[in-house]
Amino acid sequence: MTQPAIRAHRPLVMGRNGAVASNHPVATQAGLDVLRAGGNAVDAALATALTLGVVEPHMSGLGGDGFYHVLDGRSGRSTVFNGTGTAAAAATAEFYRARADGIPNFGALSTSVPGSVAGLAAMHARFGARPWSALFGAAVEAARDGFAATHGYRHFAGENRHRLRPDARSAATFLGADGAPPALGDLVTQPDLARTLEALAAGGAAAFYEGAIARRMAAGLAAAGGLVTADDLARCRAEEAAPISVSYRGYEVRQTPPNSTGFTMLQMLKIVERSDLAALGWGSAALVHRLVEAKKLAFLDRERHGADPAGRAIPLDRLLSDAHADRLAAMIDPERAADRPVKGARAEGDTTYFCVVDRDGNAVSAIQSINSAFGSGVTAGDTGILMNNRMCYWHLDPGHANELTPGRRVRHTMNAPFVLKDGRLWAVLGTPGADNQVQVNLQVLVAMIDFGLDPQQAVEAPRWSSSQAGQEANHPHGGDGSLTLESRFPAETVEGLRALGHSVKAVGPLEGPCSVEAIRVLDNGIRMAASDPRRDGWAGAY
């Protein structure tokens, strides 16, 4: 394999004992501190997850959802903890169809039951080593004493003032006194959230779903006009599941099962495995075309089958079969882009991803989200908890695979993969970014496996994102049929894709979607950690 000569502008961080890569330096440090103090990967993941919910409040938090994929370094087995909540009992399709705007993009009616805390608690109960209450320190400190507003934070706060201003608590917390984003370096403090985190540390998940926190959260949502009640919160349970997987060029790629759409990324890999991608050339129009066309086909199956498996049989054996991959690969025309609208669902989702590997080879691939930036914009009373707007992911079309059903989990774009080689962890990686997540994960995996790039090179490489009509995850599920390319692609690639019939849009050199974090484990045990410069990501190892 001839590796492309690619310069990465961030250092590749390497260590022998452990590594953490997350979308904020403070959260990465929280995880590393736990590892250094003798905690395992799950302990570090809990500290990282809680801290991310404080210092990246526009992406995730206690009011959101998550998938937590844990690899046992000794056995090589992995377990998925599904911490995604359900639609409230009163959240019927009929209720939202009767509204002029359908499912609102923000406000209390956009909120579903938050499941992240349940997922984190289930993960820690099964695999954690240090006490639950001992892992909240960094998150409490950041909430109480504040975190410094970054360029990234100011960008998202500025874009979402309309979402925050209607809620007095949210506006006072996340915007400046003048209603504009805080100045660079200004401290964002969340004292109410600090008290809630302390109560959660002391009382565990039971306090969040059935105790004092639950009662205050439900009262705050009711006052804001929401549908999530104390009974809805009390019914929330995390699910423990086995991962799904495929083989790709001798590597085992594991993914989160439905209601995650991790299967979509696995489908793409199986389709493109039918081609010699290295022979197409790194960064070429032919390579991008082949990947994009595979994505389009896989997204058709996502639309047909992505749902809560509790209410619908999802034919994963067929979708991930060699025969199905052969059939789909044969549909790709190497000389022409296909127009493949999905008839149901490019929303830019605002989520966060992180990964951890400890000294014993245990690892966590984790993703959590409040959906859009700052979620619903609603803070649940005096809890300091900013609530999700995950209801927007539901469809209102009768008979749609993802049709809104009270008490069910919505289809999620969140996914948390692992890559193994000969039964041992080879890489863990992932990204936020809604519909773009699986597309960008595909590109990073192809860069690392087919072209031999190290994780930092793969993370920084120019990327594309494809939008099909009807694809968008968020209601009303639009999409414009475009192919967006970062400007670092060669001019001949851009022109070549236009000649193939792609509707190309250009964005700045690092303005493409997502924010990948990745850790690669070498045969000698070195952990190589990488972070994406497109947001506030940071990697650490020791």
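Below are the figures for this structure:
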read-out	value
Distance cut-off 13 Å, percentage of C-alpha pairs in region 294-347 lying past it	66
Taking region 111-233 and dividing mean pair separation by its residue count, relative contact order in percent (alpha carbons under 8 Å, at least six apart)	30
Other-chain or far-sequence residues with amide H under 5 Å of THR86's (modelled H)	VAL113
Value of Rg to Rh for region 216-319 (Rh from inverse mean 1/r over Cα pairs, i.e. Kirkwood)	1.17
Equivalent ellipsoid semi-axes, region 447-527, via Cα gyration tensor eigenvalues times 5, rooted, Å	29, 18, 11
Between region 209-266 and region 20-56, the Cα center-to-center distance that results, in Å	20
Neighbour cut-off at most 14 other Cβ (10 Å), DSSP loop, GluC sites (Glu not before Pro), region 486-521	GLU511
Region 58-114-region 358-374 distance, computed between alpha-carbon centres (Å)	15
Solvent-accessible heavy-atom area per residue, rounded to whole Å², over region 16-80 at 1.4 Å	24
Correct choice for Rg and Dmax of the Cα atoms in Å that was computed from the model, options [x] 36.0, 144; [y] 27.2, 98; [z] 21.5, 61	[z]
Sites ARG249 and ILE526, calculated FRET efficiency, Cβ-Cβ separation with R0 25 Å, nearest 0.05	0.65
Estimated FRET transfer efficiency (PHE95, ALA180; beta-carbon r; R0 45 Å; 0.05)	0.80
Net charge of neighbours whose Cβ lies under 14 Å from the Cβ of VAL54, counting Lys and Arg as +1 and Asp and Glu as -1	-4
Rg/Rh (Cα only; Kirkwood hydrodynamic radius) as it applies to region 353-416	1.11
Cα pair distances exceeding 12 angstrom across region 169-231, given as percent	73
Computed over region 197-307: relative contact order in percent, which uses C-alpha pairs under 8 Å that are six or more apart	17
Region 1-62: trypsin sites (Lys or Arg not before Pro) falling in loop per DSSP and having at most 14 other Cβ within 10 Å	ARG7, ARG16
FRET E, pair ALA129, ALA279, Förster distance 45 Å, beta-carbon r, rounded to 0.05	0.45
1.4 Å probe accessible area per residue over region 185-303, in Å²	34
CYS392 accessible area, 1.4 Å probe, all protein chains in place, Å² to nearest 10	0
Peptide ranges 254-262, 48-56 listed from the most packed, as the mean C-beta count within 10 angstrom indicates	48-56, 254-262
Gyration tensor (alpha-carbon) shape descriptor, region 337-452, a/c threshold 1.5	oblate
Prolate/oblate/rounded call for region 4-106, Cα gyration tensor, a/c under 1.5 rounded	prolate
Whole-percent carbon and sulfur share, accessible surface of region 78-208, 1.4 Å	54
Distant alpha-carbon pairs in region 246-302 (separation over 18 angstrom), percent	37
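The values are calculated or read from the model by the stated rules, or taken from the named source; none is laboratory data. It should be emphasised that the depicted structure is a prediction, and the values quoted were computed from it without experimental measurement. So basically every Cβ, Gly included, is an ideal-geometry build from the backbone, and we count neighbours across all protein chains shown. Only protein heavy atoms, including side chains, enter the accessible area calculation; ligands, DNA and RNA are left aside. Shrake-Rupley method; radii C 1.70, N 1.55, O 1.52, S 1.80 Å.
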